Every structure is written in structure tokens, then in C-alpha cells.
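The values are calculated or read from the model by the stated rules, or taken from the named source; none is laboratory data. Here the structure is a predicted model, which is why all the values come from computation and not from measurement. Methodologically, a virtual Cβ is constructed for each residue, glycine included, from the backbone with ideal geometry; neighbour enumeration extends over all protein chains shown.
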Amino acid sequence: MRLYPPAYMMFREASEDVAIGGYRIPEGEKVTVPQFHVQTDPRWYDDPETFRPSRWLAGLEDDLPDYAYFPFGGGPRHCIGMPFAMMELKHIVTTIAQAVDLELLSDPDPGFAPGLTLQPADDVRVRVSK
């Protein structure tokens, strides 16, 4: 979710004049919020492009600034499916992954095909066995 967020960028419209990081954004201006880049920023993550789930065990999320990790967006427009998706990730996906062996048959580092969602450029093939 951090390295490959399905919705890798969001679009918002300023509801009033605002300044962010020294940049003035006038009311009505459309802005892009690039989750993909924010969530791999070395200011927030050591070795940011490495998949290392153990980094979260030491309470990393509590130490991050707001929106350094926001796979479901944030504020009043965050994804309404967030609680269900997190439950799936914690329970269903881990249960299935523990019950089978997965063997990657395709390129372990596929390119990206950005569209409405972020997808691998080529098929990801996996052999599932028990």
C-alpha cells in the first residue's frame, strides 16, 4: 500500500486561497496530491523504495507526520472502503498466504502502467501450490 498505492495520486480543488510550503494556491485551482511520491520520500522512510514490512513494527506510523502515509486518501474524502480493505489485508490475505506456497513466475520488478489506478505494465504470473 505504501510502495504501490492503487490510487497513486489524487486530485483536489482549493476551496479557498491557501499557501502550502510557500506556494500560493488560489481558490478554484486544481492540485495533484501524489501519494506515490510522498510515500517513498526519504524524509519519512529510510531506504524508501525497499519493501520491508518490519519497518512498521517499531511504531513508525506514530512517528510519521500526517499524510506521509495515506493509501486511502484523507480528510472528509478518504476512501469509504478503508476499514474493509484493512480487515481484508490483516486477516484474509495473511490467512491465504500462510496456507499456500506462492512462486513468482514473471519479472519480479515489473514496470508501471499508470491509469485510473496504478497497475503493473506486464502480467504478474504466480504459481499457487499447497
Exercise. How about the range 1-38: which of its residues are within 22 Å of Ile80 (Cβ to Cβ), surrounded by 14 or more Cβ atoms within 10 Å (Cβ to Cβ) and among the small types (Gly, Ala, Ser)?
Worked result: Ala7
For this session: Determine if the range 88-109 includes at least one residue that is of a type outside the set (D, E, K, R), surrounded by 13 or more Cβ atoms within 10 Å (Cβ to Cβ), at pLDDT below 90 and closer than 20 Å to Leu3 by Cβ.
Result: no
Problem set entry | Those helices (runs of 4 or more DSSP H) lying entirely in the range 1-102 with at least 2 residues among the hydrophobic types (A, V, I, L, M, F, W, C) | 35-38, 82-87, 94-99
Seminar exercise, completed: Across the range 8-29, the tally of residues that are at pLDDT below 95 and among the basic types (Lys, Arg) stands at 1
Exercise. Can you spot a residue in the range 54-70 that is within 16 Å of the chain's Cα centre (by Cα), surrounded by 11 or more Cβ atoms within 10 Å (Cβ to Cβ) and touching a residue at least 60 places away in the same chain (Cβ under 8 Å)?
Worked result: yes
Exercise. Name the pairs whose Cβ atoms lie under 7 Å apart, with the first residue in the range 18-39 and free of Cβ contacts under 8 Å to residues at least 60 places away in the same chain and among the small types (Gly, Ala, Ser), the second surrounded by 12 or more Cβ atoms within 10 Å (Cβ to Cβ) and assigned to a loop (DSSP other than H, G, I, E, B), and 6 or more positions between them or separate chains?
Worked result: Gly28/Ala14
For this session: Name, by its number, the condition in (1) in contact (Cβ under 8 Å) with a residue 12 or more places away in the chain; (2) among the aliphatic types (A, V, I, L, M); (3) in the same structural domain as Arg12 (by TED's automatic domain parsing) that does not hold for Val93.
Result: (1)
